[in-house]
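A quick write-up on the structure given underneath.
Read-outs throughout are calculated quantities, based only on the coordinates presented, and are distinct from any laboratory measurement. Quantities reported herein were computed from a predicted structural model and do not represent experimental measurements. Here the Cβ positions follow ideal geometry from the backbone for every residue, glycine too, while neighbour counts run over all protein chains shown.
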Amino acid sequence: MSNFHEETRRKLESVFANILQEPVEAISDDTSPLTAPRWDSICHIELVLAVEGAFNVQFTTSEIATFRKLADFRQTLQMRGLAA
């Protein structure tokens, strides 16, 4: 994995850890509302806004509707050329 990919992956995991109030070590592609107790509807909005701010992107409503776990955010960022 390139340094760019690794750095952006870590950045995404750090954003999730901060919003979910979990240690970054507990964050993975499988992190979801089923694995993170704090991830409710309000937290989902906070995650979207925090990821948008961290990566300087704006997600579409249809993209946001597909976000079910961290991997979904990562895949959307990758499709936009931000290899997270």
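Residues are listed down the side, and each one gets a yes or a no for (1) surrounded by 13 or more Cβ atoms within 10 Å (Cβ to Cβ); (2) out of contact with any helix residue (DSSP H, G or I) (no Cβ under 9 Å at 6 or more places or on another chain); (3) aliphatic (A, V, I, L, M):
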{"site": "THR8", "(1), (2), (3)": "yes, no, no"}
{"site": "ALA17", "(1), (2), (3)": "yes, no, yes"}
{"site": "LEU20", "(1), (2), (3)": "yes, no, yes"}
{"site": "PRO23", "(1), (2), (3)": "no, no, no"}
{"site": "ILE27", "(1), (2), (3)": "yes, no, yes"}
{"site": "ALA50", "(1), (2), (3)": "yes, no, yes"}
{"site": "ASN56", "(1), (2), (3)": "no, yes, no"}
{"site": "ASP72", "(1), (2), (3)": "yes, no, no"}
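Scanning the stretch 23-33 turns up no residue that is among the polar types (S, T, N, Q) and without any contact (Cβ under 8 Å) to a residue 24 or more places away in the chain.
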